[in-house]
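Presented below is the structure to which this report refers.
Derivation of every value follows stated rules applied to the coordinates shown; laboratory data play no part. Since we're looking at a predicted model, the values are computed, not measured. Here the Cβ positions follow ideal geometry from the backbone for every residue, glycine too, while neighbour counts run over all protein chains shown.
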Amino acid sequence: MSNSNKVAWVIGASSGIGAGLANRLAKRGYEVAISARRQERLEEIAHNNNRLHAFALDVSDAAGTKAVFEAVEKELGPVDLVVFGAANWQPNTVAEYDPEAFRNVFTVNFLGAVNTVAAVLPSMKARRSGEIALIASVAGYFGIPASGAYGAAKASLIHFAETAHTELEPYGIRVRLVNPGFVKTDLTAKNDFPMPFILELDDAVDRLVRGLLDTDKFEVAFPRRFVWLLKLVKLLPYPLFFAGMRRVLPSSDGKSKEGQKEKGEDGR
Ligand SMILES: NC(=O)c1ccc[n+]([C@@H]2O[C@H](COP(=O)([O-])OP(=O)(O)OC[C@H]3O[C@@H](n4cnc5c(N)ncnc54)[C@H](OP(=O)(O)O)[C@@H]3O)[C@@H](O)[C@H]2O)c1
């Protein structure tokens, strides 16, 4: 199907999955507005591709997000597809629970999505069309040690997407959920724990584009084997679930017990 004349808005597009997705959407014929806080990065990305258009924004600013959306529609026309992928990630454990860290993560990863949906709703409702894809994470499936703030914000985003999907369907608006496993990006570069089934960025973006453009599934989740494994873990009775989670509990040096065991076995 031709996507010429279609318009997409990708938020979190100055690096990683969002930048990769924006480029692929442009190749598939979309005019793509790209947003994030770093204006120069956005301009660099847009420089060699006349289908990419930089619109800097901070998603924690509800009024600013709405104003940018209106500017996008004024310049490019009605937005058909919005992809929300802005996020920050910091590991945090019980020992160092810091309300400020939770506030920061929820403000961007969860409330940023709410601000985005609120910004696009009036236009999409009036047109009775539009698609909104929210990038959460498999980290939102259940409570994982060291992922308190990030995991809780992603779990909230999954709930929000499920609710919005049902509520917005009668208005002709499709809400979809993206749950990636580990992907090699700036976000994961700082992790010093094992990341099973980690994907190269290009591979992840391929799977994302196929899921969003070539299927109509509500949840686009990958890699499939990791996703199914985690969905099975979610079904375990709590005693078994917690026995498994104890194995990934970080020790005081921040390394997971599973990771330490793996390192020991390798003789490193
Ligand atoms: N990599 C993984 O393993 C993985 C796994 C599961 C889910 N995800 C999710 O996939 C999405 C993309 O992540 P990534 O791995 O590609 O990470 P990334 O390269 O760090 O991308 C995060 C993006 O969010 C933007 N951002 C952060 N705070 C923002 C704010 N306040 N306002 C607007 N934009 C903001 C960043 O740009 P600026 O700094 O320029 O604002 C950047 O473009 C995220 O939602 C992440 O949680 C990633």
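Below, the figures for the structure above:
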| item | result |
| --- | --- |
| Relative packing of peptides 4-15, 150-161 - highest average C-beta neighbours within 10 Å first | 4-15, 150-161 |
| Kirkwood hydrodynamic radius over Cα pairs of the chain, then Stokes diffusion coefficient at 10 °C and 1.306 mPa s, in µm²/s | 82 µm²/s |
| Nearest-ten-degree value, helix 238-248 long axis tilted from longest Cα axis of the chain | 90 degrees |
| Extended-chain gain in nm, criterion 0.36 nm per residue less alpha-carbon gap, GLU162 and LEU235 | 24.4 nm |
| Acute angle (nearest 10 degrees) that the helix 62-76 long axis makes with the longest principal axis of the chain, alpha-carbon atoms | 50 degrees |
| Theoretical FRET efficiency, 1/(1+(r/R0)^6), r = Cβ-Cβ of ARG128 and ALA95, R0 45 Å, to 0.05 | 0.35 |
| Mean Cβ neighbour count within 10 Å, used as a protection proxy, ranking 133-141, 174-182, 236-244 highest first | 133-141, 174-182, 236-244 |
| Segment 9-30 residues near the modelled GLU200 label - backbone nitrogen below 15 Å, point 7 Å along Cα→Cβ | none |
| 26 Å Cα-Cα threshold exceeded, pairs from LYS6/LYS231; LYS6/LYS217; LYS66/LYS154; LYS74/LYS154; LYS154/LYS231; LYS66/LYS217 | LYS6/LYS231; LYS74/LYS154; LYS66/LYS217 |
| Helix 111-127 axis, angle to the chain major axis (alpha carbon atoms, nearest 10°) | 30 degrees |
| Under 10 Å, Cβ to Cβ, from GLU200 - net charge with Lys/Arg +1 and Asp/Glu -1 | -2 |
